[in-house]
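Asker: For reference, the structure I am asking about is given below.
The values are calculated or read from the model by the stated rules, or taken from the named source; none is laboratory data. Small disclaimer: the values here were computed from a predicted structure and weren't measured. In this analysis, Cβ positions are derived from the backbone assuming ideal geometry, glycine residues included, and neighbour counts consider all displayed protein chains.
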Amino acid sequence: MDISVYDVLIIGGGPAGSSLSYSLLNAGLYNTGQEKTGLKIAIMDKAVFPRNKVCAGWVTPEVMRVLGIDLTEYAKAQVLQKVSGFRISLLGQQQVENIYPGEPVSYGIRRVEFDNYLLQRCGADLILGEAFEKMDRTGNGWLVNDKYEAKLVVGAGGHFCPVARAIGEKGVSELAVAAQEVEFEMSVQQKANCRIKKEVPELFFLPDLSGYGWVFRKGDYLNIGLGRENKSRLSAQVKDFCEYLSSLGKIPADITDKFNGHAYLLYSHSVRNMVADNVLLIGDSAGLAYDKSGEGIRPAVESAMLAADVIQSCDGDYSKEKLRAYNELMQQRFGQRLPGPDFMQRLPDFVKRAVASQLMKTHWFTKKIVIDKWFLQKDQTQMPAIKGQLK
Ligand SMILES: Cc1cc2nc3c(=O)[nH]c(=O)nc-3n(C[C@H](O)[C@H](O)[C@H](O)COP(=O)(O)OP(=O)(O)OC[C@H]3O[C@@H](n4cnc5c(N)ncnc54)[C@H](O)[C@@H]3O)c2cc1C
């Protein structure tokens, strides 16, 4: 059998995988500002793109900026919903609306389009419709599926990434967010009756703040979902949530599309190793979503950019010792894993519920803490955008 040889083989063509290739093959890496690397890169994905991904499709402007996406160009062929504010409440309580004048504070994209857009421009050889099955050690890297030789294998296969499994500690139990979501194009009738404003997604926090539900209207599409760090009785809670929304006239009562489930890890609760000899994990494979909002696309993209710098600095030696620089960069960027509980988490459950109930009724808390701090990460410094265009 013919063997294809690569410097870097990325398993998974989501935002993490495509951003890594794009960073490596573009002029101007994050830290070094060096020229494009000239590495031979392939992305393997079990799906054929465009493929769907269970996700609300909410992205912060930061994601579009670091990826250098021309918004006008993007919006010509893909849904790009501008978001100017959020309606927030504790489930069952009155909602508080905060609107931000000026530039959009977020965007709504459809993952089926967004991921395909990023993959098609990323510059790697694409091996689509083939699942990663195994990797065997070679003299200076890995042989994947008996067909592809690579000096470095990058796990970008999302929460259930097989590369993460291959280098993981067996038996480690993980506290993952379990979530369910549906996205569908509304009929003319449904659009006419829809009470969700396009520019203002609605968020409904669970009484103990362990997660939240959402309704997000993106152009003609409606996305409804709920996620929390506890998977018990999730389907029943999603059903109750939809009945509640429907009783308020916020979503149609006649949704026929099926809800789909998926999981992901929050950064501070993840215990995954991110490097091994000739292996590195990025995105959900490494468990990186922001703790409070569950935003995973931005950390997926940023981890890919940091990984690109480390790969560049390794100069072809992808030993664990060399790749450890990635752990350090990640810690500088995203902080210590497993920090102690914050103020709210330390409160006894009944006090937490009472405090949350009061705070979630105020403009101050919903704007300054929930939106600015938890969702828009206004405290987080910006990374330089990936420069240049693929030649
Ligand atoms: C219900 C829900 C809603 C969410 N909403 C948001 C949101 O609104 N905004 C946000 O920022 N984040 C959101 N997230 C999180 C976000 O979806 C992820 O953090 C993000 O997709 C991570 O990107 P990734 O590239 O690491 O992995 P993924 O996007 O999961 O991509 C992984 C890729 O690997 C491929 N793959 C998997 N196994 C194999 C295999 N064996 N062989 C080959 N290929 C394989 C898959 O086909 C897939 O294409 C949500 C998550 C869920 C579950």
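Asker: Could you say whether any residue in the stretch 127-150 is under 20 Å from residue 67 (Cα atoms), in contact (Cβ under 8 Å) with a residue 24 or more places away in the chain and either within 14 Å of the ligand (Cβ to nearest atom) or surrounded by fewer than 22 Cβ atoms within 10 Å (Cβ to Cβ) (or both)?
Answerer: no
Asker: Failed condition for residue 163, given (1) outside any helix (DSSP H, G or I); (2) within 14 Å of the ligand (Cβ to nearest atom), with all others met?
Answerer: Condition (1) is where residue 163 drops out.
Asker: Of the residues 208, 291, which is over 22 Å from residue 15 (Cβ atoms) and among the charged types (D, E, K, R)?
Answerer: Result of the check over 208, 291: 208.
Asker: Tally up the residues in the stretch 296-327 that are among the small types (Gly, Ala, Ser) and over 19 Å from the mean Cα position of the chain (by Cα), please.
Answerer: 4
Asker: Follow-up. List the number of the failed condition for residue 298; all other conditions in (1) more than 30 Å from residue 154 (Cα to Cα); (2) within 10 Å of the ligand (Cβ to nearest atom); (3) among the basic types (Lys, Arg) hold.
Answerer: All conditions are met except number (1).
Asker: Within the bounds of the stretch 96-108, is there any residue that is within 15 Å of the ligand (Cβ to nearest atom), among the aromatic types (Phe, Trp, Tyr) and closer than 21 Å to residue 180 by Cβ?
Answerer: No, the stretch 96-108 contains no residue that is within 15 Å of the ligand (Cβ to nearest atom), among the aromatic types (Phe, Trp, Tyr) and closer than 21 Å to residue 180 by Cβ.
Asker: Something else: Among the residues of the stretch 179-220, write down those that are part of a strand (DSSP E or B), aliphatic (A, V, I, L, M) and under 28 Å from residue 362 (Cα atoms).
Answerer: Passing the criteria: 179, 203, 215.
Asker: Follow-up question, since we're still on this one. When both residues are 6+ apart or on different chains and their Cβ atoms are under 7 Å apart, which pairs have a first residue that lies in the stretch 44-67 and is closer than 19 Å to residue 163 by Cβ, and a second that is within 10 Å of the ligand (Cβ to nearest atom) and of a type in the set (D, E, K, R)?
Answerer: 44/130; 46/130; 53/111; 53/115
Asker: Could you check the stretch 253-268 and list, in sequence order, the residues that are part of a loop (DSSP other than H, G, I, E, B) and either in contact with a Gly (Cβ under 8 Å, 6 or more places away or on another chain) or crowded, with 20+ Cβ neighbours inside 10 Å (or both)?
Answerer: Across the stretch 253-268, the qualifying residue is only 259.
Asker: In the stretch 285-295, which residues are within 11 Å of the chain's Cα centre (by Cα), within 9 Å of the ligand (Cβ to nearest atom) and not charged (D, E, K, R)?
Answerer: 285, 288, 289, 290, 293, 294 - these are the residues of the stretch 285-295 that are within 11 Å of the chain's Cα centre (by Cα), within 9 Å of the ligand (Cβ to nearest atom) and not charged (D, E, K, R).
Asker: Further question on the same structure: Do we find that residue 282 is surrounded by 20 or more Cβ atoms within 10 Å (Cβ to Cβ), of a type in the set (Val, Ile, Thr), more than 30 Å from residue 84 (Cβ to Cβ) and within 15 Å of the ligand (Cβ to nearest atom) in this structure?
Answerer: yes
Asker: Mind checking which residues of the stretch 221-233 are in a strand (DSSP E or B) and within 26 Å of residue 267 (Cβ to Cβ)?
Answerer: 223, 224, 225, 226, 227, 228
Asker: Given the criterion crowded, with 24+ Cβ neighbours inside 10 Å, at pLDDT 90 or above and polar (S, T, N, Q), identify the matching residue among 319, 303, 293.
Answerer: Answer to the selection: 303.
Asker: Still on this structure: Check residue 270 against each of (1) free of Cβ contacts under 8 Å to residues at least 60 places away in the same chain; (2) within 30 Å of residue 141 (Cα to Cα); (3) polar (S, T, N, Q) and name the one condition it does not meet.
Answerer: (1)
Asker: Pick from the stretch 308-362 the residues that are aromatic (Phe, Trp, Tyr) and in a helix (DSSP H, G or I): which of them is farthest from residue 39 (Cα to Cα)?
Answerer: The extreme case among them is 350.
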